[in-house]
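These notes concern the structure reproduced below.
The values are calculated or read from the model by the stated rules, or taken from the named source; none is laboratory data. None of these values were measured; they are calculated from a predicted model. Note that each Cβ is placed from the backbone with ideal geometry, even for glycine, and that neighbours are counted across all protein chains shown. The protein model used for the area step is the full one, side chains on, heavy atoms only, and it has no ligands, DNA or RNA in it. Shrake-Rupley method; radii C 1.70, N 1.55, O 1.52, S 1.80 Å.
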Amino acid sequence: MLCFIVPVKSKKVSNNWPYFSKLVERTMQCLCNQDSSNFEIILVCHETPDLSFSHDKIHTIHVDFEPPHLTEEDSREEGRMKKEIDKAKKIKFGEAYAKKFNPDFLMVVDSDDMISNKIVSYTEKQDKSSPGWYIEKGYNYKEGKNFAFYKNRTFNHLCGSTVVIRHDLLGQLFIDDPWLFYVHETTELPNGELLKPIPFPGGIYSIANGENHFMSPSYAGKVIKRYLFDIRKYVQLFEKLSKYRIRFIDKKFKETFNFYQIK
């Protein structure tokens, strides 16, 4: 059995709580769209998002620590640090709660991302002693568009919703220097065990939606401007674009991820 752990940011650090709640609801509907029912979802939050969707697989739990306190004086790195600490603590909180279900595997899913409806059934067919897997191929999606960018490798370097790991190994994905941090890029665990790539496009990374604390609209714009005045950046950009292909959103795409646009 697979437990999804979904850490949710606090209303106090959301830019638009009603809109963010819609992102969370889409993620919940996506997770509940698995083609196997052998899963549970643990939604970890300070305040419960405003959802019109409910399902008996969703278990909402509330943390007992304060949300991050962000100030105007915080640098981008300082703000990210506070948010990452909050996220990591919520993942650990969800991990402790997940023990009641005696899961074989755990998967952290960011509250605005989507994953393939084949994830649970894929893990069911694998060796239960395996350390786990990671999503190597997936899609970057900018809200409001009718297409996504297919990334055919290193998708796990961008998206935080990519690792399925054996229940006793989740602690291997945390570091505590310089702060508590969940490391989703990991494919080789500190104990030497290797995670294997999932052999199909497994996720959608929602970018520039105003609620993603790493790839915000303003930061995405700054990244683009960097390339305008440095020829070396064009070389790097070409290398990055070689990993991407445009994928128009069709019926199969919508069915696989239970995808829909948020108005």
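The table that follows gives values for the structure above.
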{"quantity": "Search result, residues across segment 178-194 that are surrounded by fewer than 14 Cβ atoms within 10 Å (Cβ to Cβ), part of a strand (DSSP E or B) and touching a residue at least 12 places away in the same chain (Cβ under 8 Å)", "calculated": "Leu194"}
{"quantity": "Subset of segment 1-49 [more than 15 Å from Lys90 (Cα to Cα), open to solvent by 20 Å² or more (accessible area, probe 1.4 Å), of a type outside the set (S, T, N, Q) and not in a helix (DSSP H, G or I)]", "calculated": "Met1, Cys32, Asp35, Glu40"}
{"quantity": "Phe93 touching a strand residue (DSSP E or B) at 6+ places or on another chain (Cβ under 8 Å) and either without any contact (Cβ under 8 Å) to a residue 12 or more places away in the chain or open to solvent by 30 Å² or more (accessible area, probe 1.4 Å) (or both)", "calculated": "yes"}
{"quantity": "Spans of strands (runs of 3 or more DSSP E) in segment 94-143 with at least 2 residues closer than 18 Å to His167 by Cβ, among the aromatic types (Phe, Trp, Tyr) and out of contact with any Cys (no Cβ under 7 Å at 6 or more places or on another chain)", "calculated": "132-135"}
{"quantity": "Test set (1) open to solvent by 40 Å² or more (accessible area, probe 1.4 Å); (2) at pLDDT below 55 - Tyr227 fails condition number", "calculated": "(1)"}
{"quantity": "Residues (more than 17 Å from the chain's Cα centre (by Cα), more than 18 Å from Ile204 (Cα to Cα) and among the charged types (D, E, K, R)) located in segment 24-60", "calculated": "Glu47, Asp50, Asp56, Lys57"}
{"quantity": "Selected residue (criterion: modelled with the lowest pLDDT) from residues of segment 195-220 that are hydrophobic (A, V, I, L, M, F, W, C) and open to solvent by less than 30 Å² (accessible area, probe 1.4 Å)", "calculated": "Ala220"}
{"quantity": "Of residues in segment 68-90 being of a type in the set (Lys, Arg) and surrounded by fewer than 17 Cβ atoms within 10 Å (Cβ to Cβ), the one nearest to Lys22 (Cα to Cα)", "calculated": "Arg80"}
{"quantity": "Criterion violated by Glu47 - all others in (1) of a type outside the set (Val, Ile, Thr); (2) touching a helix residue (DSSP H, G or I) at 6+ places or on another chain (Cβ under 7 Å); (3) closer than 24 Å to His184 by Cβ satisfied", "calculated": "(3)"}
{"quantity": "Glu95 vs. criteria more than 19 Å from Asn258 (Cα to Cα), in contact with a helix residue (DSSP H, G or I) (Cβ under 6 Å, 6 or more places away or on another chain) and modelled with pLDDT of 95 or more", "calculated": "yes"}
{"quantity": "Matching entry among Lys83, Lys87 (being in contact with a Pro (Cβ under 7 Å, 6 or more places away or on another chain) and modelled with pLDDT under 95)", "calculated": "Lys83"}
{"quantity": "Test: residue in segment 238-250 that is hydrophobic (A, V, I, L, M, F, W, C), at pLDDT below 95 and assigned to a helix (DSSP H, G or I)", "calculated": "yes"}
{"quantity": "Any hit, segment 156-178, residues being more than 15 Å from the chain's Cα centre (by Cα), farther than 23 Å from Lys252 by Cβ and of a type in the set (Lys, Arg)", "calculated": "yes"}
